[in-house]
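Reviewing the structure listed below.
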Amino acid sequence: MRDREVSRENVTELFDKISPVYDLANRIISLGVDKHWRNTLLRHIPLLPDQTLCDLATGTADQILALSKSPFIGKFYGFDLSTNMLLLGQKKLAKRGLRKKTLLQVGNALGVPVADKFCDLATISFGIRNVTEPLKCLSEMYRILKPGGSCFVLEFSIPKSKFIRAPYLFYLRHILPKIGFWISKNREAYSYLNETIESFPSGDAFLQMMKTAGFSNVKQIPLSFGIASLYLGKKN
Ligand SMILES: C[S@@+](CC[C@H](N)C(=O)[O-])C[C@H]1O[C@@H](n2cnc3c(N)ncnc32)[C@H](O)[C@@H]1O
């Protein structure tokens, strides 16, 4: 199944189904490194008081949890299409005593249910690859940000070095789908994962997409030899 053919309904159904094992699968598949990537984003949060953050495709709220360590964010909004992922996220936030600071809500990253210039920070982690129109999603992030606001996209990417790329692609194509199936008992979900990673534009192509959406000062920070990347952009 190619990602272009995956409809909004398919993606929502897929994540609703795998939600109970999503966090565990993430930890195992990334060998726990996703926590380090999420904390890298945390270190790039501007040092300004009481900022409002919108996290799109928030899933089970792991990115919000990582960012909740920042003393510079006063309020978190998380949006996702999958109710099951959000319910798990809500439980995790409540357990960490973050209920008052956070609001999770069903919401489409291609039509975020908030006003223009609503937030100071807009984030999406491992989500933009899954939305059917990534440029529209970036344009939404631009729309909801206040002038001066910052956009952060955390996403898998393809390493530039052929010494890393070859074993990584082998892992993606042959090992990851097997581990994913073993954990989730859902074959579709984890073969979909490797296809979306391989077909999604990364590096300069993604930075160009951010510029097209209106962002300036765009920058890519490769993480773990380029297996993932943090992309940053500013709204002037
Ligand atoms: C790989 S998960 C990432 C979850 C979370 N951001 C994280 O860092 O673990 C992708 C999420 O994107 C959500 N998603 C896909 N398309 C979406 C859309 N158009 N609007 C909102 N959420 C969407 C899925 O429901 C799923 O929860």
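The values are calculated or read from the model by the stated rules, or taken from the named source; none is laboratory data. Given the structure is predicted, the values throughout are model-derived calculations rather than measurements. Backbone-built Cβ (ideal geometry, glycine too); neighbour counts: all protein chains shown. The area values use the complete protein model at the heavy-atom level, side chains included, leaving out ligands, DNA and RNA. Shrake-Rupley method; radii C 1.70, N 1.55, O 1.52, S 1.80 Å.
For the reader, a short list of remarks on this structure follows.
- Working note: Karplus 6.51/-1.76/1.60 with θ = phi - 60° gives region 147-159 the couplings x, x, x, 10, 10, 10, 10, 10, 7, 4, 9, 9, x Hz, where Gly and Pro are set to x.
- Inverting the pair-averaged 1/r between distinct Cα atoms of the chain gives 17.8 Å as its Kirkwood hydrodynamic radius.
- Residue-wise HN-Hα coupling along region 126-132, computed from phi with Karplus coefficients 6.51, -1.76, 1.60 (Hz; x: Gly, Pro): 6, x, 5, 5, 8, 7, 6
- For region 146-213: relative contact order, % (alpha-carbon pairs under 8 angstrom, 6 or more apart): 33
- Expressed to the nearest 5 percent, the antiparallel share of DSSP beta bridges inside the chain is 40 percent.
- Cα centre as origin, Lys/Arg/Asp/Glu Cβ charges: the chain dipole, Debye: 660
- Amide H partners (placed H, <5 Å) of L223, local residues excluded: A228, S229, L230
- Between region 191-236 and region 65-99, the alpha-carbon centres lie 24 Å apart.
- Average accessible surface for the chain: 47 Å² per residue, computed with a 1.4 Å probe over protein heavy atoms with every protein chain in place.
- Charge-dipole axis of region 188-236 as Lys and Arg at +1 and Asp and Glu at -1 on Cβ define it, positive-most pick from S216, L232, A205: S216
- Proximal charge balance of I183 [Cβ under 12 Å; K/R count +1, D/E count -1]: +3
- Neighbourhood net charge (14 Å Cβ-Cβ; Lys/Arg +1, Asp/Glu -1) for L223: +3
- Across the accessible surface of the chain, with the other protein chains kept in place and a 1.4 Å probe, carbon and sulfur atoms take up 58 percent.
- Among the listed pairs K17/K162; K101/K219; K91/K160; K17/K146, those whose Cα-Cα separation exceeds 31 Å are K17/K162; K91/K160; K17/K146.
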